[in-house]
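The values are calculated or read from the model by the stated rules, or taken from the named source; none is laboratory data. Please read these numbers as outputs of a predicted model, since none were measured by experiment. As a convention, Cβ positions derive from the backbone with ideal geometry for all residues, glycine included, and neighbour counts pool all protein chains shown. SASA here: full protein model, heavy atoms, side chains in, ligands and nucleic acids out. Shrake-Rupley method; radii C 1.70, N 1.55, O 1.52, S 1.80 Å.
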Amino acid sequence: MIKFEGVTKIYKGEKVALDNVDIDIKKGEFVFLVGSSGAGKSTFMKLLLKEEEPTEGTITINEIQTTKLSRRKVPKLRRSMGIIFQDFRLLPNKTVYENIAFAMEITGNKAKDIRRKVPSVLSMVGLSDKAKSYPAELSGGEQQRVGIARAIINNPSLLIADEPTGNLDPVNASEIMRILKDINKRGTTVLVATHAKELVDKMQQRVIALDHGKVVRDVERGLYNDAK
Ligand code: ADP
Ligand code: ADP
């Protein structure tokens, strides 16, 4: 599903953000990408989305080597991924329902499919009774659940979350992780970059740890801070 082979990213000014990274994530896996600030997590995500290009190495997503992908095929690549942000990034002037429906409209879905699908995804994230609310009327946890609903509405094969619980209290953060695991159980590959040690330890999923741009640990059912 995701393959990084010998990937190095050096930003302008010689800052080495990723250093010869090899990572192989199979379809259906749930993976935590951990590491302190500056370890290279965001760079990894940006390379996946083709927002940045590697300085060296190859990246393959769904059998397609994205490092060779022509520019006009990038939108299609991004549509195969659902993205969840730390700061939610909901449209403030649209209701919960409209925020989610909008993600289907811009990808050209039929009105009939939108009317059928939005309520089912809202129910999956436990927000059926908030369809008519605006983001500002919701708690942080609820806003993030809208973010998740929007990210999965077009059935991505890969769900990427960058610090999805960074702005949430522990109870809401746990709930968000539970929903992500639920989505994963239905077959979607999930990659979560996070600092949330307690959650990582509780979830017992694969953990890939970055430190100064290098993979220093990659374990099944790992903890945030296992011995290297
Ligand atoms: P985190 O992943 O901890 O939320 P960021 O990814 O925003 O943090 O930033 C991590 C580090 O990378 C910070 O030290 C920040 O200053 C640096 N950084 C992020 N984006 C840029 C940029 N565009 N140019 C230079 N440095 C950056
Ligand atoms: P993390 O997400 O784990 O905090 P990042 O991938 O944001 O780490 O950053 C890795 C390193 O690359 C950091 O040292 C950061 O300062 C640097 N960096 C990130 N983005 C840029 C950028 N656009 N230009 C220059 N340096 C950057």
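A few points about this structure:
- Any hit, region 99-122, residues being open to solvent by less than 50 Å² (accessible area, probe 1.4 Å), part of a loop (DSSP other than H, G, I, E, B) and modelled with pLDDT of 95 or more: no
- Residue that is farthest from T165 (Cα to Cα) [pool: residues in region 10-37 that are within 8 Å of ligand 2 (Cβ to nearest atom) and of a type in the set (D, E, K, R)]: K12
- Residues of region 17-34 that turn out to be surrounded by 14 or more Cβ atoms within 10 Å (Cβ to Cβ) and either more than 21 Å from K181 (Cβ to Cβ) or out of contact with any helix residue (DSSP H, G or I) (no Cβ under 7 Å at 6 or more places or on another chain) (or both), as a count: 10
- The set of residues in region 68-108 that are free of Cβ contacts under 8 Å to residues at least 24 places away in the same chain and polar (S, T, N, Q) contains only S70.
- With respect to the conditions (1) within 16 Å of ligand 2 (Cβ to nearest atom); (2) within 13 Å of T189 (Cα to Cα), G40 falls short on a single one, namely (2).
- Restricting attention to region 182-216, the residues that are over 17 Å from K26 (Cα atoms), among the basic types (K, R) and in a strand (DSSP E or B) total 1.
- Residues of region 192-218 satisfying the condition of being more than 14 Å from ligand 2 (Cβ to nearest atom), out of contact with any strand residue (DSSP E or B) (no Cβ under 8 Å at 6 or more places or on another chain) and open to solvent by less than 70 Å² (accessible area, probe 1.4 Å): L199, D201
- Count of residues meeting criterion [away from ligand 1 (no atom under 11 Å from the Cβ) and at pLDDT 95 or above] in region 2-48: 28
- Among the residues of region 1-16, those identified as open to solvent by 10 Å² or more (accessible area, probe 1.4 Å) and either without any contact (Cβ under 8 Å) to a residue 60 or more places away in the chain or in a strand (DSSP E or B) (or both) are K3, E5, G6, T8, K9, I10, Y11, K12, G13, E14, K15, V16.
- Single residue of region 152-173 satisfying the filter (of a type in the set (A, V, I, L, M, F, W, C) and farther than 15 Å from G187 by Cα) that is surrounded by the most Cβ atoms within 10 Å (Cβ to Cβ): A161
- If you go through region 70-89 and pick out every residue that is more than 16 Å from ligand 1 (Cβ to nearest atom) and touching a strand residue (DSSP E or B) at 6+ places or on another chain (Cβ under 9 Å), you end up with 5.
- Of all the residues in region 41-94, those that are open to solvent by 50 Å² or more (accessible area, probe 1.4 Å) and assigned to a helix (DSSP H, G or I) number 10.
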